[in-house]
1. So how do Asp107, Asp66, Asp179 line up by other beta-carbon neighbours within 10 Å, fewest first?
2. What nm distance separates the two modelled labels at Arg29 and Ala181, each placed 7 Å from Cα along Cα→Cβ?
3. What does the highest-first list of 187-193, 198-204, 143-149, 83-89 look like by mean Cβ count within 10 Å?
4. If you take the square roots of the eigenvalues of the alpha-carbon gyration tensor of segment 91-221 and sort them as a ≥ b ≥ c, do you get rounded (a/c under 1.5), prolate (a/b over b/c) or oblate?
5. Determine the gain in length on full extension of the stretch Ser240-Ala160; use 0.36 nm per residue of separation and subtract their C-alpha separation, reporting nm with one decimal.
6. Which whole-number percent is the relative contact order of segment 96-238 (Cα, under 8 Å, 6+ apart)?
7. Using the Cα atoms of the chain to build a convex hull, what is its mean projected area in square nanometres?
8. So, in nm, how far is label His227 from label Val247 when the simple model puts each one 7 Å beyond its Cα toward the Cβ?
Amino acid sequence: MSSTGIVIAAAQITPVGHDIQANVERHVRVIEQAARQGVDFLVFPELSLTGYERKTASQNALLPNDSRLVPLRKVTAQTGISILAGMPLSSTGKPLIAALVIGAGRDDVLYTKRYLHEGEDQAFQAGSGGPLLLLENERIALAICADTSHPEHAASAAQAGASLYVTSALITPGGFEADTAQLRSYAQIHGFPVLLANHVGETGGWLATGRSTFWLPDGEIVIQAPHDREALVIASRNGSTWQGRVVLLS
């Protein structure tokens, strides 16, 4: 871990559809690899623990205290890393699309997707967002995919004092340019760095385009993953300077 600033990373992966156990095991291996790279906060894509599987969302819905998530708690305790994992959250009625933040020595933080894509309401209900995540002297605003299509979401994060804006997503080749142009504009308008954690490969019948990215407040890309490989996109802050690197996952 960095002693002078935060090291944040996107985990660009291809989940196994419907298989929570296999995905937890994969998350553990990726977390261990990220910890060896000195990462403080590791962000997985939207619904990373199940894959983007609308049809089975209800039967695969989880609660934060689900015993199947214990390996994630153990590995974060062992490594000292904090992680964000995507999951369908069990709720009254339809599940919510959630981001669960687990970290050593800290309470869980739960964020639920506020804005749904067209068709997602058939399987999910809209959530209420969540608090800023306080980590390594940063105030991190969380978002999930379609949340970033609404400028008021990023504006609200800025008004709350966010110093970083982080989104887990499923973005396809056809939507990538428009979606990332919007993320870049949020960095420029609000003056905070932005991290995108995207899927790569097929999930739930959708082809994700990878290219997870970290932008500076001026909109410059610091680092971007390839479109066709599982990878860590790592951004390290030292004072006011950010540096990036990509580590391909094994």
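1. Details: Asp107 8, Asp66 15, Asp179 21.
Starting with the residue having the fewest Cβ neighbours, the order is Asp107, Asp66, Asp179.
2. Spacing of the two 7 Å Cα→Cβ label points: 3.8 nm.
3. Values: 187-193: 18.0, 198-204: 22.1, 143-149: 24.0, 83-89: 26.3.
My ranking of the peptides, most packed first, is 83-89, 143-149, 198-204, 187-193.
4. Values: a/c = 1.56, a/b = 1.08, b/c = 1.44.
Oblate, because a/c is 1.5 or more while a/b does not exceed b/c.
5. Details: separation 80, 0.36 × 80 = 28.80 nm, distance 2.07 nm.
Contour length minus Cα-Cα distance gives 26.7 nm.
6. Values: 275 pairs, mean separation 20.7, N = 143.
Here the relative contact order equals 14 percent.
7. Working: hull surface 46.1 nm².
For the chain, averaging the hull's shadow over all directions gives 11.5 nm².
8. Roughly 2.7 nm, to one decimal.
Read-outs throughout are calculated quantities, based only on the coordinates presented, and are distinct from any laboratory measurement. Quick caveat, the model's predicted, so the values are computed rather than measured. Neighbour counts run over all protein chains shown; Cβ positions are idealised from the backbone, glycine included.
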